[in-house]
């Protein structure tokens, strides 16, 4: 029983991989940000994401902690979130110490693809506004995410599983993710 | 309001970039090591850097903590320091846990350049004795600094901004750094 | 006086390098896993590694902490262990926060070699079953280990020394490791 965190930069297809890998298994799927906004609403602190972002930093941290505690009680659960979010002020950690130590994940999955593949997928996807990152910037973001994932692992003992989701190779990606999900039923 | 940490290996030009980016703004500039020696003097623990380095490790840690606390109270401030310092015993963290969690920076800036550029800048600079690192060693040091910066970010929630300071492109570097400084006046 | 942690992926030759570097010096050599199983036996919790791995996670963590505390009291000691262990569930941290902060190493040594060299050494070594990792996977494992070593450094202040153990260049590797061992006798 436990929490699996799934991460990956926009365009990498993390949700597709993990949902397919979990097909037929008794595992919940939640998005960290969605649980957080629900808690904010329940507390009357914010009605939507925009209001939530404008809360004082201390309130935001309190919300993050409450969210992590809530998710940690969900049993077998996959939490969709980010290692880092790219902002004009730099890479912002998605799971800082006060979150990751409450979340206590068993495994942090990083779904990756070749930077060129991600670049092309973002180009094709007209339905959402993506960052116009260059191939080099995409490579940098993936490298940064690996580094911080290892810091999260050092803080919690979580394993870090890198899953390659190459073009036309979803089955191979799912196969790589499977031992992580089976790991939930061990011990 | 807050603390911005600026880092970068010798020869990268971090001070030039950040001073130019902060021109005309109401932001203090301090060097971590200088604040530390001033505190050591005031306490009568050491009169110069050499004496400070010879203090028992516990005293040095106490000094680091006092320095971080002092800087954290300075308001809008840019602190010049190092992610790691290269020593014969290996890469020494400049901002270990007991420092970074007291400093609570909003952003950690890493000023970088291509390893070849840094190599050539160090060659030209006759005024100071630099490490005779090879291009590969310079690349390694920059990689190591990115990794530890992400650990600092995980511990504090700080964003990590990578600023490229290429030859003859100071304006572009300054432009990359600007959102970080403007971030001090947000929220 | 202090603890040196020596790490490196299978096939890199970390034990050879460190034993040669410590020749003639008054330094103990222990393997983290061996000390741990001895403590488990003494407590009557497990008789061998297999039984130890089947203990509830909380018991395993308690054992890790007891081991770290025991090693930290050994004086000048080199501890052979892993930055991460590659498992089907991903890279598992060998020195998570509750271990590394008890171990308080002075230096973490990472013995590395070119991924091709490690690949070939593993091929030649018929006496032990090695992971059939590709050259790319070996490169990834070494990159991941550098990243987590920097997180360990951030948590403890330990220096991180990278030692290259190339083919037919043991003497050069030993030379790189020497300042770390001499560092034990300083201060």
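The values are calculated or read from the model by the stated rules, or taken from the named source; none is laboratory data. Model, not experiment: these values are computed from the prediction. Note that we place each Cβ from the backbone using ideal geometry, even for glycine, and neighbour counts take in every protein chain shown.
One residue stands out in region A:147-160 among those that are in a helix (DSSP H, G or I) and touching a residue at least 60 places away in the same chain (Cβ under 8 Å): the one that is farthest from residue B:155 (Cα to Cα), namely A:149. Listed residues C:155, C:181; which is more than 28 Å from residue A:140 (Cβ to Cβ) and within 18 Å of the chain's Cα centre (by Cα)? Of the residues listed, the single one that is more than 28 Å from residue A:140 (Cβ to Cβ) and within 18 Å of the chain's Cα centre (by Cα) is C:181. A single entry from A:173, A:169 fulfils the requirement of being crowded, with 18+ Cβ neighbours inside 10 Å and away from chain B (no Cβ under 14 Å): A:173.
Can you work out which of the residues in region C:17-38 that are more than 20 Å from residue C:99 (Cβ to Cβ) and touching a strand residue (DSSP E or B) at 6+ places or on another chain (Cβ under 8 Å) is surrounded by the fewest Cβ atoms within 10 Å (Cβ to Cβ)?
Restricting attention to region C:17-38, the residues satisfying the condition of being more than 20 Å from residue C:99 (Cβ to Cβ) are C:17, C:19-27.
With touching a strand residue (DSSP E or B) at 6+ places or on another chain (Cβ under 8 Å) added as a condition, the list becomes C:17, C:19, C:22, C:27.
Values: C:17: 23, C:19: 15, C:22: 22, C:27: 19.
This residue is C:19.
Here the condition is being within 9 Å of another protein chain (Cβ to nearest Cβ), on the phi < 0 side of the Ramachandran plot and either more than 18 Å from the chain's Cα centre (by Cα) or in a helix (DSSP H, G or I) (or both); of B:108, B:144, B:138, it holds for B:144 alone.
Considering (1) within 26 Å of residue A:22 (Cβ to Cβ); (2) in contact with a helix residue (DSSP H, G or I) (Cβ under 7 Å, 6 or more places away or on another chain); (3) modelled with pLDDT of 95 or more; (4) surrounded by fewer than 20 Cβ atoms within 10 Å (Cβ to Cβ), the lone condition that residue A:156 does not fulfil carries the number (4).
Taking the listed residues C:66, C:41, C:54, C:14, the one that is modelled with pLDDT of 95 or more and loosely packed, with under 15 Cβ neighbours inside 10 Å is C:41, with no other qualifying. Output yes when any residue across region A:31-54 is closer than 24 Å to residue A:154 by Cβ and more than 14 Å from every other protein chain (Cβ to nearest Cβ), and no when none is. Yes; the residues of region A:31-54 include at least one that is closer than 24 Å to residue A:154 by Cβ and more than 14 Å from every other protein chain (Cβ to nearest Cβ).
No other residue among A:100, A:85 is closer than 21 Å to residue A:30 by Cβ, within 12 Å of chain B (Cβ to nearest Cβ) and free of Cβ contacts under 8 Å to residues at least 12 places away in the same chain apart from A:85.
Only residues that are in a helix (DSSP H, G or I) and in contact (Cβ under 8 Å) with a residue 60 or more places away in the chain were counted in region B:161-187, giving 8. Looking only at region A:111-132, residues that are away from chain C (no Cβ under 14 Å), assigned to a loop (DSSP other than H, G, I, E, B) and either touching a strand residue (DSSP E or B) at 6+ places or on another chain (Cβ under 8 Å) or at pLDDT 95 or above (or both) come to 2 in all.
Filter the helices (runs of 4 or more DSSP H) completely within region B:1-102 down to those with at least 2 residues that are within 16 Å of the chain's Cα centre (by Cα). Spell out the reasoning first.
Working: elements: B:14-21, B:32-42, B:49-53, B:57-72.
Output list reads B:14-21, B:32-42, B:57-72.
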